[in-house]
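This report concerns only the one structure given below.
The values are calculated or read from the model by the stated rules, or taken from the named source; none is laboratory data. Quick caveat, the model's predicted, so the values are computed rather than measured. Using ideal geometry, Cβ is built from the backbone for each residue, glycine included, and neighbour counts are taken over all protein chains shown.
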Amino acid sequence: MITSTFRSRRVFAWLFALVWVVNGLACKILDLAPRHRAIVARILGDEHALALTRLIGVGELLMAAWILSQWKWRWSASAQIAAVFTMNVIEFILAPDLLLFGRWNALVAAAYIALVAYAGFGHGSPRLRPA
C-alpha cells in the first residue's frame, strides 16, 4: 500500500524536477530563452556566457535527477532553496531588467521556495526523531 505521504512526495518531486529540467535543458542548454544567457553574460562576463550558461543547465539537470531520486529529500530541498534564493538575489541586484517579470520575479521565487520548504520540511516529510 502506498501512503499518501509517499504519493504526495512523488508529485512534488515530479513538479520540482520539471521546473529544473525546463530551466536547465530548454532555457539554458538548448538556449531557447536567450535572456538566460544574457543574465549570465551580465553577471559573469560575455566571453564564455554560452558555455557557462550550458554548464549551469547541466547542474540544473543534475538537480532534477537528484529530486526524482528522492535521496536525501531534505538535503535536496535545502539545495533547491539555497540555489533559487542565491540566483534570484544576484539577478535582482545585477540584472532585474532581464528577468521574465522584472523585480517581481522575486515573488515567483519566494513562492517556489515556500512550496519546496513545505514539501521538504512540512507536509510529506518525515519528522526528526529524538536521539
**OP:** Go through segment 99-119 and give me each residue that's of a type in the set (A, V, I, L, M, F, W, C) and more than 18 Å from residue 75 (Cβ to Cβ).
**Re:** 99, 100, 101, 104, 106, 107, 108, 109, 110, 111, 114
Subject >> Residue pairs meeting the criteria (Cβ under 7 Å; at least 6 apart or on separate chains; first on the phi < 0 side of the Ramachandran plot, in segment 33-44; second not in a helix (DSSP H, G or I)) >> reply: 37/31; 39/95; 42/95; 43/95
Original post:
If residue 71 satisfies every condition in (1) free of Cβ contacts under 8 Å to residues at least 60 places away in the same chain; (2) assigned to a helix (DSSP H, G or I) but one, which is the exception?
Top reply: (2)
Original post:
in a helix (DSSP H, G or I), acidic (Asp, Glu) and modelled with pLDDT of 95 or more - does that describe any residue in segment 52-60?
Top reply: yes
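Does segment 57-71 contain any residue that is over 14 Å from the mean Cα position of the chain (by Cα), surrounded by fewer than 15 Cβ atoms within 10 Å (Cβ to Cβ) and under 17 Å from residue 112 (Cβ atoms)? Steps first, answer last, please.
Applying the first criterion (over 14 Å from the mean Cα position of the chain (by Cα)) to segment 57-71 yields 69-71.
Subsequent filtering for residues that are surrounded by fewer than 15 Cβ atoms within 10 Å (Cβ to Cβ) retains 69-71.
Still in the running and under 17 Å from residue 112 (Cβ atoms): none.
No, segment 57-71 contains no residue that is over 14 Å from the mean Cα position of the chain (by Cα), surrounded by fewer than 15 Cβ atoms within 10 Å (Cβ to Cβ) and under 17 Å from residue 112 (Cβ atoms).
Okay, residues lined up against (1) out of contact with any Phe, Trp or Tyr (no Cβ under 7 Å at 6 or more places or on another chain); (2) in a helix (DSSP H, G or I); (3) exposed (fewer than 14 other Cβ atoms within 10 Å of the Cβ):
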| site | (1), (2), (3) |
| --- | --- |
| 13 | yes, yes, no |
| 20 | yes, yes, no |
| 47 | yes, no, yes |
| 87 | yes, yes, no |
| 103 | no, yes, yes |
